[in-house]
1. For the structure I just gave you, tell me whether Val133 is modelled with pLDDT of 75 or more and out of contact with any helix residue (DSSP H, G or I) (no Cβ under 8 Å at 6 or more places or on another chain).
2. Whether any residue in region 533-540 is more than 30 Å from Phe596 (Cβ to Cβ), assigned by TED's automatic domain parsing to the domain that holds Arg427 and not in a strand (DSSP E or B) is what I want to check.
3. Of the residues Pro215, Pro167, Pro173, Pro179, which single one is surrounded by fewer than 22 Cβ atoms within 10 Å (Cβ to Cβ) and modelled with pLDDT of 90 or more?
4. How many of the residues making up region 513-536 are buried (at least 20 other Cβ atoms within 10 Å of the Cβ) and over 19 Å from Gly308 (Cα atoms)?
5. Cβ-Cβ under 8 Å, sequence separation 6+ or interchain: first residue in region 480-495 and among the acidic types (Asp, Glu), partner at pLDDT below 95. Which pairs?
6. Within region 491-507, can one find any residue that is surrounded by fewer than 19 Cβ atoms within 10 Å (Cβ to Cβ), among the hydrophobic types (A, V, I, L, M, F, W, C) and not in a loop (DSSP other than H, G, I, E, B)?
7. Name the pairs whose Cβ atoms lie under 6 Å apart, with the first residue in region 591-611 and within 21 Å of Asn573 (Cβ to Cβ) and in the same structural domain as Phe644 (by TED's automatic domain parsing), the second among the polar types (S, T, N, Q) and at pLDDT 90 or above, and 6 or more positions between them or separate chains?
8. Mind checking which strands (runs of 3 or more DSSP E) fall wholly inside region 319-398 and carry at least 1 residues that are out of contact with any strand residue (DSSP E or B) (no Cβ under 7 Å at 6 or more places or on another chain) and hydroxyl-bearing (Ser, Thr, Tyr)?
Amino acid sequence: MRGMESRPSKEIISAGIVLALVSLLLQPAVAETKSHHSISTAKLLLAQQSDVSSVQVTGVKVTNTDKGIEVTLESSKPEALRPVIKSAENNYIADVPNAVLALPEGKEFSIANPVSGIVSVIVTQADANTVRVTVTGETGLPTAELFDSEEGLIFALAPIASTIPAPEQPEQPTSETPPAQPTAENNEPIELVVTGNQDQYRVEESSTATKIDAPLRDIPASVQVIPKEIIQDRQVVRLNELANNVSGVQQQSGYGGLSSSGYFIRGFESGFEGLRNGFKDFGFTSPRDVANIERVEFLKGPASVLYGSANNPGGVVNTITKKPLPDPSYRVGMTIGSYDFYRPTIDFTGPLTDDKSVLYRLNVAYENSGSFRDFIENESFFISPVVTVNISPKTSMTFEYEYQKYNYTFDRGLLPGNTFFQIPISRFLGEPGFNNAEFISNVFTYNLEHQFSDDWKFRQGFNVTSIRGNTRIARNTNFSEPFLEDDGQTLPRTSETSDEEQENISLQTEVSGKFNTGSIRHNVLLGVELAKYKFTYDFFSAPIASIDIFNPVYGAQPGTFDRSFAGEYGGDNLAVYFQNLIEFTPNLKLLAGGRFDWIDSFDRDPVSNTVNNEVSESNFSPRVGIVYQPTNSTSLYASWTNSFNPQFFGRSRTGESFKPETSEQFEVGIKQEFFDKRLSATLAYFDITKNNVLTPDPVDNNFSVQIGEQKSRGLELDIAGEILPGWKIIATYAYIDSSVSKDNDLERLNDRLSGVPFNSASLWTTYEFQKGSLAGLGFGLGLVYVDEREATLPNTIKIPSYVRTDASIFYRRDNWRAAINIKNLFDTEYYESQSFYLVPAAPLTVLGTISFEF
């Protein structure tokens, strides 16, 4: 039988490369079968089907090839075998209608592990007139080509690239003798058409936990990935909104009211320190626009093993930005909403050269809005060009630049006292026209990758982050009770201005490779990092009139400004890290690694040019984890890991520098997949101990001693994926018990850590009609529950619990999408936490968005 001609291949191969690089789901497109299909719900349909009577399949053969395997359905009428391909997740499924099995060995054919990367091949009688071929990949959907031969229909299948290489294996026995005729590589492929749903809530791989692309089910840690589809469906405009979709994570309001990248994770605050494309991001003075974000990965637990010193032993958040694509795409969008909010965006990508060796991406966003808070407004401009140069088939360089200018009204919110719950959440306690801030951030990154071979790769990344800004603020004078004067309503204030500057420079060089020792498989990573961080600040203060919090009168002017304090702190860091992901058997894996850090830190006064503190120290951060997979859909894991955090400031009463804080975590969990792996769940129990915490010196409270200890333990559940076609869900629950376990201040001993609820839960779900006249119409519903939290440490006041409801309606057709998102549907009054402040959350808010792609 004559094979059908395939469609042009350049675009298809490029699309496959993009899928392998960024783990995205492409929009429905025509594709050649030799491309890598990572679309979890993809359907591969033949152009037409023959209407013939049932044909007997008299034999099944499985033959190893240099690329994978060939599965042959033997028949006297091979031209009548016309399969319908409808793969799901790791399962390549082909239904052959008008066919019946007539095998001499029985009614079913199956073989396990015919080649590394293929778990099984099963051929069954799906119904009276349909033969089903199911090939299950170990780490993803196998790629496939179909060929006709005189002997029968041939499926040529290859596993996707595994995280670990397979050892040499002899050819597996099959039900028949291998054919004498040439293999499928010498035949013409049958044309296939690729369709599928591009929007997925479940992500199968993550690089944050291991710095290599590894299936989440193989990682002995809790890792939650929020893809851009959730960001779009929820209409997220501030990064820390994503805390609602990850168990054990709460929002931490940012600097002067910014909704930046601060979080409470597993009971500990992040201090606004995160990762961006794997580089440390000290961006607490910048809100980090969401326009160029591909996904956000939450790694729970200490992360020093790969990323060095960490302020938060509860975990780290890595923001992954969008990269250029080889096929042209131009998207423009506009969002308009409550409180004079409007935000236009553009996202352009494509090739700059005819041979697609140079690709680009450009994201631009402008935002201007008011607020439910009196006198509050902000304005932001963001632009991020990215260029990828494919120097050769094995070498590429990506250059990325981000610029953001952010102007906003500096507003910390309210103070943690019962009286402040009695005033409107809109009440502003600063001075209109005076409380202002401006920050400008510049971020440059390059990433060089070279593939020595199929098994060995070199990577070098370089990042420079520079943030400069200034603030002016009228604020409360006191940071502890009593905040108010004796009348219970007058708030004493002071005014401040500041000039601030942050710089972070980092160079990472890594080699990763795969090899075997006997039957044991290894995936190793070796890396070196050089980093330099510096933060400079200069504050001036002046007196300013008090304000009545119940009947405010604005217009006060500050007095004469005098320098109140100035400083410069930072450090130079050299680190060497290593890691090995070992596969003893296909269902038993061990992850082990460690990092050595050498840090020279400093704290000095740039005005007087005096050194307050200089410390040189080293630290080793280990990690060990094991994964056992009793089935293809279940992973059981346990891990132990450490972290550390240097103390830049201060000395003890006897003049000694402080040691780094250290943390230790034990974690066990189970990862389970449901509904043919469309839905995944992670259940984890963790126990974290943080040591060397500073506490007041009992001899002189002006100094500190390092005898404090804090503990956090809890249970977390995360669920994400698709229940039915078009019905997607992400849900969470967490129980966290975090408290002070050792302290010489009896008022703090056994107190709860601030900002952390005992119980929290969330649900976001959408349903989109898949066919008929309503196809493209969808609805979304979200629920967030947060238990009461302590506002301060020592515990003096509780932040009330709350339940918030969100909703959306959207419609997509052809190249455009429109949506209305309603946040806080029932106008619930609630508060978030930011160190010494209560931050009122937004009441009912409506955002309308429309976007076009061409």
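1. yes
2. In the first step, residues of region 533-540 are kept if they are more than 30 Å from Phe596 (Cβ to Cβ); the result is 537-540.
From what's left, assigned by TED's automatic domain parsing to the domain that holds Arg427: 537-540.
With the extra rule that they be not in a strand (DSSP E or B), the set shrinks to none.
Within region 533-540 (the criterion being more than 30 Å from Phe596 (Cβ to Cβ), assigned by TED's automatic domain parsing to the domain that holds Arg427 and not in a strand (DSSP E or B)), the answer is no, since none of the residues qualifies.
3. Pro215
4. Going through region 513-536 one residue at a time, the tally reaches 3.
5. Listed by first residue and then by second, the contacts come to Glu481/Gly417; Glu481/Thr796.
6. For region 491-507, residues surrounded by fewer than 19 Cβ atoms within 10 Å (Cβ to Cβ), among the hydrophobic types (A, V, I, L, M, F, W, C) and not in a loop (DSSP other than H, G, I, E, B): present.
7. Pairs found: Gly593/Gln579; Arg595/Ser621; Asp597/Asn619; Trp598/Ser618; Ile599/Asn573; Asp600/Ser616.
8. On the way: elements: 329-337, 341-351, 358-369, 378-392.
Counting at least 1 such residues, we get 378-392.
The values are calculated or read from the model by the stated rules, or taken from the named source; none is laboratory data. Small disclaimer: the values here were computed from a predicted structure and weren't measured. Glycine gets a Cβ as well: all are built from the backbone with ideal geometry, and neighbour counts include every protein chain shown.
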